[in-house]
C-alpha cells in the first residue's frame, strides 16, 4: 500500500443471502485483512443455525470479530457496536492489516459512519400511551401511523417491531420531529478512516428470494427447531428479547408455543426474511454512498477483489 492520510477500511454491505461472507473470505485469501462482523444476530452465543453463522471450522480459518460476544439474554446496542468496532479496527490497523466490516445490519453501519444522534430520553408516560394504543389497534396500525409521520423510519421497520416502533413514535410525540431527521443531524464526527463502501445488491430480486427460501429450508433441515428448544432450556428467554425477535427464531418460537400453525412456519419464516432483505436494500440504496455490485454475478468475488486492489494501491 502507498502512503495515505487516513488508514483504509472496507465496508461490505448487503441484504441477507447476498453472499457477503463468501466475498469477505475471498478477500481474506488475497489481501492482508481481518474481518469484523456487522450482524445484530451473530453477536449472540449459541445462535448458530438461524443466524447463518459460519461453521466453526470456517471461523477458525477466517476469524470474525464481534461474533459470539454476548448471551441471548442480553441486549446489544448500536452505540456499543460502534465502540467495539472502532476498537477492533484500531487493533487491526496497529497489526498492519486492513479491517473489513461485513454484514447486513445497516443501523450499525450508519452508527459507525455517522455517529449516534442526540435523541431524547425515554418518557414513561408517552410510552404507556403508545402501548395502550397498540393494545387497542395493533402494532401494524401503529406502523401505519408512523408511516404518515416519518416514512423514512417506517420503511426500515417491520410492522410488528414493537420496540422500535414505540421509540420512533415516542420521539415524534416528544419533539415534534422525526427520528430520521434527528439521525441526519447527528453531531458526532465521522471516524478518521478512509472507507471503501461496497454494496451487494441483487440484479433480480426474484433470484434473491429464491436464495432466501432455499437457505431457510436448509436452516430447518439443519435443526433450527432444536436450536430454539436448546436455547430456551439453557437461558431465560422471552419473545421480547432482541435475540428471540430475530427472523426465524421468532417464527419457530411461535410455532412451538402454538401461536401459529406449525404448517405455516416455513412460509412465515421465508416471508419475514424477504421483508428483512427488502428493508436492508432500502437502507443500502437510500442511506449510503456505496459502490454497488450485482450479488448474483458469477464473477462477484473477482470484481470486488479488483476494486479492493485498486483501493489499497491508491
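The values are calculated or read from the model by the stated rules, or taken from the named source; none is laboratory data. This is a predicted model, so every value here is computed, not measured. Here Cβ is always computed from backbone atoms with ideal geometry, including for glycine, and neighbour counts include all displayed protein chains.
Just one of (1) out of contact with any strand residue (DSSP E or B) (no Cβ under 9 Å at 6 or more places or on another chain); (2) at negative phi fails for residue 115. It is (2).
Of all residues in the range 25-49, how many are without any contact (Cβ under 8 Å) to a residue 40 or more places away in the chain and either closer than 10 Å to residue 103 by Cβ or not in a helix (DSSP H, G or I) (or both)?
2
Annotation for the range 95-107: at least one member residue is assigned to a helix (DSSP H, G or I) and assigned by TED's automatic domain parsing to the domain that holds residue 32. You will find that of 164, 156, the residue that is surrounded by 15 or more Cβ atoms within 10 Å (Cβ to Cβ), out of contact with any helix residue (DSSP H, G or I) (no Cβ under 8 Å at 6 or more places or on another chain), within 20 Å of residue 287 (Cα to Cα) and modelled with pLDDT under 90 is 164 and no other. A single member of 227, 170 is surrounded by 14 or more Cβ atoms within 10 Å (Cβ to Cβ), touching a residue at least 40 places away in the same chain (Cβ under 8 Å), assigned by TED's automatic domain parsing to the domain that holds residue 141 and outside any loop (DSSP other than H, G, I, E, B), and it is 170. Looking for something assigned by TED's automatic domain parsing to the domain that holds residue 50, touching a helix residue (DSSP H, G or I) at 6+ places or on another chain (Cβ under 7 Å), assigned to a helix (DSSP H, G or I) and loosely packed, with under 13 Cβ neighbours inside 10 Å - is there at least one such residue anywhere in the range 236-249? The answer is no, given that none of the residues of the range 236-249 is assigned by TED's automatic domain parsing to the domain that holds residue 50, touching a helix residue (DSSP H, G or I) at 6+ places or on another chain (Cβ under 7 Å), assigned to a helix (DSSP H, G or I) and loosely packed, with under 13 Cβ neighbours inside 10 Å.
On the basis of being within 22 Å of residue 77 (Cα to Cα), in contact (Cβ under 8 Å) with a residue 60 or more places away in the chain, out of contact with any strand residue (DSSP E or B) (no Cβ under 6 Å at 6 or more places or on another chain) and not assigned by TED's automatic domain parsing to the domain that holds residue 52, does residue 165 make the cut? Judged against the criteria, residue 165 is not a match.
Reported count of residues in the range 70-94, each being outside any helix (DSSP H, G or I) and either in contact with a strand residue (DSSP E or B) (Cβ under 6 Å, 6 or more places away or on another chain) or under 25 Å from residue 277 (Cβ atoms) (or both), is 5.
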